[in-house]
Amino acid sequence: MTIQKREIFNQVINFFWSILCIAPIFWFWFDEGINNIYFYLFLGVALLIGALPPKILDALTLSPYKNFYERLGVKFIRKFVQNGDVINSIDNAGGNVFTKRKGQLKTYLKTIAMYERYHWICLTFFLLTTLYCFVSGHIKFGILILIANILYNFCPILLQQYNMIRLKKLLND
(Lines give C-alpha, C1' and ligand atoms only; values in the text may rest on other atoms or scores of the structure.)
Protein backbone atom coordinates (compact mmCIF):
# COMPACT_ATOMS: atom_id res chain seq x y z
CA MET A 1 0.00 0.00 0.00
CA THR A 2 1.35 3.42 -0.83
CA ILE A 3 1.91 5.96 1.90
CA GLN A 4 -0.88 8.07 0.42
CA LYS A 5 -3.39 5.19 0.70
CA ARG A 6 -2.20 4.46 4.23
CA GLU A 7 -2.84 8.10 5.19
CA ILE A 8 -6.30 7.97 3.63
CA PHE A 9 -7.15 4.83 5.62
CA ASN A 10 -5.78 6.45 8.77
CA GLN A 11 -7.90 9.54 8.22
CA VAL A 12 -11.01 7.43 7.58
CA ILE A 13 -10.45 5.65 10.91
CA ASN A 14 -9.81 8.98 12.65
CA PHE A 15 -12.94 10.50 11.08
CA PHE A 16 -15.07 7.48 12.06
CA TRP A 17 -14.08 7.57 15.74
CA SER A 18 -14.31 11.36 15.91
CA ILE A 19 -17.79 11.53 14.41
CA LEU A 20 -19.05 8.57 16.44
CA CYS A 21 -17.78 9.87 19.77
CA ILE A 22 -18.08 13.63 19.39
CA ALA A 23 -21.65 13.41 18.09
CA PRO A 24 -23.28 12.84 21.51
CA ILE A 25 -21.49 15.75 23.14
CA PHE A 26 -22.18 18.03 20.18
CA TRP A 27 -25.83 16.96 20.19
CA PHE A 28 -26.15 17.58 23.93
CA TRP A 29 -24.63 21.05 23.85
CA PHE A 30 -26.61 21.91 20.71
CA ASP A 31 -29.82 21.02 22.57
CA GLU A 32 -28.69 22.59 25.85
CA GLY A 33 -27.37 25.72 24.14
CA ILE A 34 -23.81 26.94 24.09
CA ASN A 35 -24.93 30.12 25.78
CA ASN A 36 -24.95 27.99 28.95
CA ILE A 37 -22.23 29.18 31.32
CA TYR A 38 -21.27 25.59 32.11
CA PHE A 39 -20.23 24.97 28.52
CA TYR A 40 -17.60 27.72 28.78
CA LEU A 41 -16.61 26.78 32.31
CA PHE A 42 -16.04 23.14 31.31
CA LEU A 43 -14.18 24.18 28.17
CA GLY A 44 -11.96 26.50 30.23
CA VAL A 45 -11.16 23.80 32.78
CA ALA A 46 -10.37 21.32 29.99
CA LEU A 47 -8.05 23.80 28.29
CA LEU A 48 -6.32 24.45 31.61
CA ILE A 49 -5.67 20.72 31.89
CA GLY A 50 -4.14 20.89 28.42
CA ALA A 51 -1.87 23.71 29.53
CA LEU A 52 -0.39 21.74 32.43
CA PRO A 53 3.38 21.23 32.32
CA PRO A 54 4.52 17.88 30.92
CA LYS A 55 5.79 16.73 34.33
CA ILE A 56 2.29 17.02 35.80
CA LEU A 57 0.72 15.14 32.90
CA ASP A 58 3.46 12.51 33.20
CA ALA A 59 2.40 12.06 36.83
CA LEU A 60 -1.01 10.97 35.52
CA THR A 61 0.56 7.91 33.90
CA LEU A 62 -1.32 4.96 35.34
CA SER A 63 1.61 2.55 35.44
CA PRO A 64 5.26 2.35 34.38
CA TYR A 65 4.75 -1.28 33.28
CA LYS A 66 3.55 -2.24 29.84
CA ASN A 67 1.95 -5.49 31.07
CA PHE A 68 -0.45 -3.36 33.18
CA TYR A 69 -1.78 -1.82 29.95
CA GLU A 70 -1.81 -5.16 28.17
CA ARG A 71 -4.04 -6.57 30.93
CA LEU A 72 -6.41 -3.65 30.34
CA GLY A 73 -6.70 -4.66 26.67
CA VAL A 74 -4.50 -2.07 24.99
CA LYS A 75 -3.42 -4.58 22.34
CA PHE A 76 -7.08 -5.01 21.39
CA ILE A 77 -7.58 -1.24 21.28
CA ARG A 78 -4.48 -0.89 19.09
CA LYS A 79 -6.16 -2.89 16.33
CA PHE A 80 -8.79 -0.27 15.58
CA VAL A 81 -6.96 3.03 15.70
CA GLN A 82 -5.00 5.26 13.38
CA ASN A 83 -1.69 3.56 12.47
CA GLY A 84 -2.98 0.51 14.31
CA ASP A 85 -2.69 -3.19 13.67
CA VAL A 86 -5.46 -3.30 11.03
CA ILE A 87 -3.74 -0.66 8.89
CA ASN A 88 -0.33 -2.27 9.42
CA SER A 89 -1.65 -5.72 8.55
CA ILE A 90 -2.88 -4.58 5.13
CA ASP A 91 0.66 -3.86 4.05
CA ASN A 92 3.78 -3.08 6.00
CA ALA A 93 4.95 -0.50 3.44
CA GLY A 94 4.94 2.23 6.07
CA GLY A 95 7.18 0.19 8.30
CA ASN A 96 6.95 -0.30 12.00
CA VAL A 97 7.55 2.94 13.88
CA PHE A 98 9.41 1.05 16.59
CA THR A 99 12.17 -0.03 14.21
CA LYS A 100 13.09 3.48 13.10
CA ARG A 101 16.18 5.44 14.12
CA LYS A 102 16.46 7.03 17.55
CA GLY A 103 15.96 10.54 16.19
CA GLN A 104 12.66 9.51 14.65
CA LEU A 105 11.66 7.80 17.89
CA LYS A 106 12.32 10.99 19.86
CA THR A 107 10.18 12.95 17.41
CA TYR A 108 7.47 10.31 17.65
CA LEU A 109 7.55 10.58 21.47
CA LYS A 110 6.63 14.26 21.08
CA THR A 111 3.78 13.29 18.77
CA ILE A 112 2.50 10.77 21.30
CA ALA A 113 2.68 13.41 24.04
CA MET A 114 0.66 15.80 21.86
CA TYR A 115 -2.00 13.12 21.21
CA GLU A 116 -2.18 12.30 24.90
CA ARG A 117 -2.55 15.99 25.84
CA TYR A 118 -5.38 16.37 23.30
CA HIS A 119 -7.20 13.38 24.77
CA TRP A 120 -6.74 14.68 28.34
CA ILE A 121 -8.41 17.93 27.26
CA CYS A 122 -11.28 16.05 25.64
CA LEU A 123 -11.56 13.58 28.52
CA THR A 124 -11.93 16.46 30.98
CA PHE A 125 -14.55 18.26 28.89
CA PHE A 126 -16.50 15.04 28.27
CA LEU A 127 -16.30 14.06 31.95
CA LEU A 128 -17.52 17.43 33.21
CA THR A 129 -20.32 17.36 30.65
CA THR A 130 -21.25 13.82 31.75
CA LEU A 131 -21.47 14.93 35.37
CA TYR A 132 -23.58 17.92 34.34
CA CYS A 133 -25.89 15.60 32.38
CA PHE A 134 -26.44 13.33 35.38
CA VAL A 135 -26.96 16.22 37.80
CA SER A 136 -29.37 18.02 35.48
CA GLY A 137 -31.42 14.90 34.71
CA HIS A 138 -30.15 14.20 31.16
CA ILE A 139 -29.36 10.56 32.01
CA LYS A 140 -29.43 9.22 28.43
CA PHE A 141 -27.02 11.91 27.25
CA GLY A 142 -24.86 11.29 30.31
CA ILE A 143 -24.59 7.59 29.51
CA LEU A 144 -23.88 8.23 25.80
CA ILE A 145 -21.20 10.81 26.56
CA LEU A 146 -19.63 8.56 29.20
CA ILE A 147 -19.38 5.70 26.69
CA ALA A 148 -17.99 8.09 24.07
CA ASN A 149 -15.45 9.38 26.60
CA ILE A 150 -14.21 5.88 27.33
CA LEU A 151 -13.88 5.05 23.62
CA TYR A 152 -12.55 8.37 22.36
CA ASN A 153 -10.38 9.53 25.24
CA PHE A 154 -9.69 6.98 27.96
CA CYS A 155 -8.71 4.16 25.59
CA PRO A 156 -6.39 6.39 23.53
CA ILE A 157 -4.76 7.73 26.70
CA LEU A 158 -4.04 4.15 27.74
CA LEU A 159 -2.65 3.44 24.28
CA GLN A 160 -0.44 6.57 24.29
CA GLN A 161 0.91 5.76 27.76
CA TYR A 162 1.62 2.19 26.65
CA ASN A 163 3.39 3.38 23.50
CA MET A 164 5.41 5.90 25.52
CA ILE A 165 6.70 3.12 27.80
CA ARG A 166 7.64 0.95 24.82
CA LEU A 167 9.40 3.80 22.98
CA LYS A 168 11.33 4.95 26.02
CA LYS A 169 12.53 1.37 26.54
CA LEU A 170 13.73 1.24 22.92
CA LEU A 171 15.54 4.54 23.30
CA ASN A 172 17.28 3.34 26.46
CA ASP A 173 18.41 0.02 24.92
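Taking the condition within 18 Å of Y69 (Cβ to Cβ) and not small (G, A, S), does L144 pass?
No: the conditions fail for L144.
Would you confirm whether any residue within region 157-170 is more than 20 Å from K66 (Cα to Cα) and modelled with pLDDT of 95 or more? I'd like the intermediate steps shown before the answer.
First pass over region 157-170, keeping only residues more than 20 Å from K66 (Cα to Cα): none.
So far as region 157-170 goes, no, none of its residues is more than 20 Å from K66 (Cα to Cα) and modelled with pLDDT of 95 or more.
Inspect all residues belonging to region 92-101 and state whether any of them is more than 17 Å from Q160 (Cα to Cα) and either open to solvent by less than 50 Å² (accessible area, probe 1.4 Å) or modelled with pLDDT of 95 or more (or both).
Our first condition is that a residue be more than 17 Å from Q160 (Cα to Cα); within region 92-101, this holds for 92-95, 99-101.
If we keep only those that are either open to solvent by less than 50 Å² (accessible area, probe 1.4 Å) or modelled with pLDDT of 95 or more (or both) as well, we get 94-95.
Taking every residue of region 92-101 in turn, at least one turns out to be more than 17 Å from Q160 (Cα to Cα) and either open to solvent by less than 50 Å² (accessible area, probe 1.4 Å) or modelled with pLDDT of 95 or more (or both).
If you filter region 1-10 down to residues that are in contact (Cβ under 8 Å) with a residue 24 or more places away in the chain and either assigned to a helix (DSSP H, G or I) or touching a His at 6+ places or on another chain (Cβ under 6 Å) (or both), you find that the one that is most open to solvent (accessible area, probe 1.4 Å) is I3. Scanning region 104-122 for residues that are open to solvent by less than 50 Å² (accessible area, probe 1.4 Å) and free of Cβ contacts under 8 Å to residues at least 40 places away in the same chain gives a single hit, T111. Listed by first and then second residue, the pairs linking a residue in region 15-40 that is among the hydroxyl-bearing types (S, T, Y) to a residue that is surrounded by 11 or more Cβ atoms within 10 Å (Cβ to Cβ), with Cβ atoms under 6 Å apart and 6 or more places separating them unless they lie on different chains, are Y38/Y132. The criterion of at least 3 residues that are under 30 Å from Y38 (Cα atoms) is met by the following helices (runs of 4 or more DSSP H) wholly inside region 65-166: 102-135, 139-149. Does at least one position in region 28-36 carry a residue that is open to solvent by 30 Å² or more (accessible area, probe 1.4 Å), assigned to a helix (DSSP H, G or I), of a type in the set (A, V, I, L, M, F, W, C) and in contact with a Phe, Trp or Tyr (Cβ under 7 Å, 6 or more places away or on another chain)? No, there is no match, as no residue in region 28-36 is open to solvent by 30 Å² or more (accessible area, probe 1.4 Å), assigned to a helix (DSSP H, G or I), of a type in the set (A, V, I, L, M, F, W, C) and in contact with a Phe, Trp or Tyr (Cβ under 7 Å, 6 or more places away or on another chain).
The values are calculated or read from the model by the stated rules, or taken from the named source; none is laboratory data. None of these values were measured; they are calculated from a predicted model. All Cβ positions, glycine included, derive from the backbone under ideal geometry; neighbour counts span all protein chains shown. Quick note on the areas: whole protein, heavy atoms, side chains included, nothing else; ligands and nucleic acids left out. Shrake-Rupley method; radii C 1.70, N 1.55, O 1.52, S 1.80 Å.
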